[in-house]
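**Q** Can you read through this structure? Questions will come right after.
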Amino acid sequence: MSNKSTPVPAGSAAVAERGSLRLARGVSATWWYTVAALLFFELGIVLATLLVVASSPAQPPVAIAGVGLGGLAWVAATVALLIDYRHRTDSAPLVRWRRQLLPLLLSLAYGVTAGAVCGLWIVGALPLLQSLMLLNWQSGVRVRALLAATGLLVALAVIDANATDVGTAASGWGLLVSFSVILPAMTVASLWWWDVLARLDRARASESRLAATQERLRVATDVHDLQGHHLQVVALQLELAERLMTKDTDAALEQLRAARASVAEAQQGTRDLALRFRSVPLRDEIANAVDLLRAAGTAAEARVDEDADRAPASVLGPVIRETTTNVLRHGGGHWARLSLVRQAESWRYEISNDAASDTSASDDGSGLDGISRRTAEVGGSVEVQRGKNEFTVVVSVPAVADAVADVTDPGEQR
C-alpha cells in the first residue's frame, strides 16, 4: 500500500471532517465542561445504583463490586462515544459500527447485569438508552428519540415502584430515578449546545478565511495594477530608446532617463503599498498592549481618543510596542495605564506604571533612547517622569508626523 497522500476534492467529506476536527479545538474548553457534567451525572447514577444494591441484605459483596465495576466500564464506554461525537460531521452515518459497537455492547451488558442484580427495569434500560443518545442523530430525530427514551424511563420507574419494595432504599431510589429520567434530556441539551458552538466556530473560521482571501486578492490587484502599469511604461520607453539609439542619441538617452524615473516611481509605490499593509491601527496597538500586560498579571487600562486612527501610526506604533516591553521588563508588575489623546496640533501618548523596588532612579529602560531619537526625527518630544512609586513616559508628536517619517525614514532612502 502506498503511503502517499491522495489529493481530495475541496468539497469532499474527508475535507469537511478534517475541518471539523481543526475548528473544534478553538472551543475545546466548552467541550470538556460538557463531558465533565455528563460524567458527573452518570457517576451519580452508578452511586445510586450501588446504594440500592447495598440496601438489599440478600446481595453478596461480589454482586455489589460487580455493579460498581460495571458502572465504571459503562462510564468509560460513554466517554468513547462522546469523543467520537466531538469529531462527527453532518454527513456521517448514525452508527459507526467499527468504533461504536463495543461501547454499545458494554452499555447493554452493564444494563442487563445491573438490572438483574437490582431487579429494576429502569437500571437495565438506562445505560443503553444513554449510549444511544450519544449517536449521530439528526436534530429532529434526536428530539423524538429523547421523548421516547424519557417516556420509557418514566414508565419503567412507575413499574419498578409498583412491583418492588423500595422503602428500605428510599434515598438511593429517589436519586436513581431523578438522575435517570433527567440524564437523556441533559445529554441532548448539552450536545445541542456543543453543536451550536461548533457551528459558530466553523462559521468564524470560514469568515476569517474569506477575509484573508479577499485581502490577498486586494493585495494582488494593487500589486498588479501598480507594477503592471509601470513595467508596461518602462518596456515602451526602453523599446523607444532602442529604436532611437542609432538615429538620435540624445532622444534615446532621454527615454532611458525617463525609464529610470519610472522604475524609481515603481519602487516608491511598492514601498508605500508595503507600508500601508504593514501598518496596524493605533487603537489595535494599544488593545494588544493592554492584553499583553494583563496576560503578564498586570492590571492594565487604556484611554484612547475616538480619532486615534488618524494619529501617526508609523511613529507611535513602535513607541507603544517599545514602552510596553519596558513596562514588562522594568515595571513593578501590579498596574499600568495607557492613553492616547489629541492635543491641538499634536498627539500625546502616555504610559504609567508602578516602579519596581529594585530599579535604580537612573534606569530609564533600554528602549527610551531609541524612542527619543525616533520622535525627535519627526519634531516630537519625550518626557520621562519618575516618582517614588510611579514611572511615566509621555510622548508628543505632531499630527503630520507620518508624512515627515516617510521623508526622513533612512530605510526608504536607497
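Derivation of every value follows stated rules applied to the coordinates shown; laboratory data play no part. The shown structure was predicted, so the numbers you read here are calculated from the model rather than taken from an experiment. A quick note on method: Cβ atoms are made from the backbone with ideal geometry, for glycine too, and the neighbour counts reach across all protein chains shown.
**Q** What residue among Val46, Val35, Ala116 has its Cα farthest toward the positive end of the dipole of the stretch 32-125, where the charges are +1 on Lys, Arg and -1 on Asp, Glu, each on the Cβ?
**A** Sorting the options by dipole projection puts first Val35.
**Q** Using alpha carbons only, what's the Rg to Rh ratio of the stretch 208-278 with Rh from Kirkwood?
**A** Taking Rg over the Kirkwood Rh, I get 1.21.
**Q** Would you kindly state how much longer the chain becomes between Ala189 and Trp97 on full extension, computed as 0.36 nm times their sequence separation minus their alpha carbon distance, in nm to one decimal?
**A** Between Ala189 and Trp97, full extension yields 30.7 nm more.
**Q** Tell me, in nm to one decimal, what length is gained between Leu253 and Leu210 on full extension, where the rule is 0.36 nm per residue of separation less the Cα-Cα distance?
**A** Working it through step by step, the gained length comes to 10.6 nm.
**Q** Could you order peptides 213-226, 184-197 by the average number of other Cβ atoms within 10 Å of their residues, highest first?
**A** Listed from highest to lowest mean packing, they are 184-197, 213-226.
**Q** Compute the convex hull volume of the Cα atoms of the stretch 13-204, divide it by the residue count, and report the result per residue in Å³ as a whole number.
**A** Value for the stretch 13-204: 101 Å³ per residue.
**Q** Here is a follow-up. Work out from phi, with θ = phi - 60° and the Karplus expression 6.51 cos²θ - 1.76 cosθ + 1.60, the ³J(HN,Hα) of each residue of the stretch 300-317, listed in order in whole Hz, and give x for Gly and Pro.
**A** 10, 9, 9, 10, 10, 4, 4, 9, 4, 5, 8, 6, x, 5, 5, 9, 6, x
**Q** Using the number of other C-beta atoms within 10 angstrom as an exposure proxy, rank Tyr85, Tyr110, Tyr33, Tyr349 with the fewest first.
**A** So the residues, fewest neighbours to most, are Tyr33, Tyr85, Tyr349, Tyr110.
**Q** On the principal axes of its Cα set, how long, how wide and how thick is the stretch 93-251? Give whole Å, largest value first.
**A** 118, 28, 24
**Q** Working from the pairwise distances between different alpha carbons, so that the mean of 1/r is found and then inverted, what is the stretch 97-166's Kirkwood radius in Å?
**A** 12.9 Å
**Q** Order these by the 10 Å Cβ neighbour count, fewest first: Glu383, Glu42.
**A** Glu383, Glu42
**Q** Taking 22 Å as R0, compute the FRET efficiency from the Cβ-Cβ separation of Glu306 and Ala344 and round it to 0.05.
**A** Result of the calculation: an efficiency of 0.85.
**Q** Kindly state, to the nearest 0.05, the FRET efficiency for Val263 paired with Ala295, given R0 = 45 Å and r defined as their beta-carbon distance.
**A** E between Val263 and Ala295, to the nearest 0.05, is 0.45.
**Q** With θ set to phi - 60° and the Karplus curve 6.51 cos²θ - 1.76 cosθ + 1.60, what are the ³J(HN,Hα) couplings of the stretch 260-266 in order, to the nearest whole Hz, using x for Gly and Pro?
**A** Working through the residues one at a time gives 5, 5, 5, 5, 5, 5, 5 Hz.
**Q** At 7 Å along the Cα-to-beta-carbon direction for both Asn162 and Lys388, put a label point, then send me their distance in nm to one decimal.
**A** Each label point is offset 7 Å from its Cα along the Cβ direction, giving 8.4 nm.
**Q** So, one more: What ranking do Val35, Val395, Val62, Val141 get, fewest neighbouring Cβ atoms within 10 angstrom at the top?
**A** Val62, Val141, Val35, Val395
**Q** Further, regarding this structure: Okay, which of the stretch 56-93 sit inside 18 Å, backbone N to the point 7 Å along the Cα-Cβ direction of Leu105?
**A** Correct set: 70-71, 73-81.
**Q** What ³J(HN,Hα) values, in whole Hz, does the Karplus curve 6.51 cos²θ - 1.76 cosθ + 1.60 give for the stretch 128-144 when θ = phi - 60°, with x put for Gly and Pro?
**A** 5, 4, 5, 5, 5, 5, 8, 7, 7, 6, 6, 4, x, 5, 4, 5, 5
**Q** Hey, what did the stretch 87-237 get for relative contact order, percent, Cα under 8 Å, at least 6 apart?
**A** It comes to 20 percent, rounded to a whole number.
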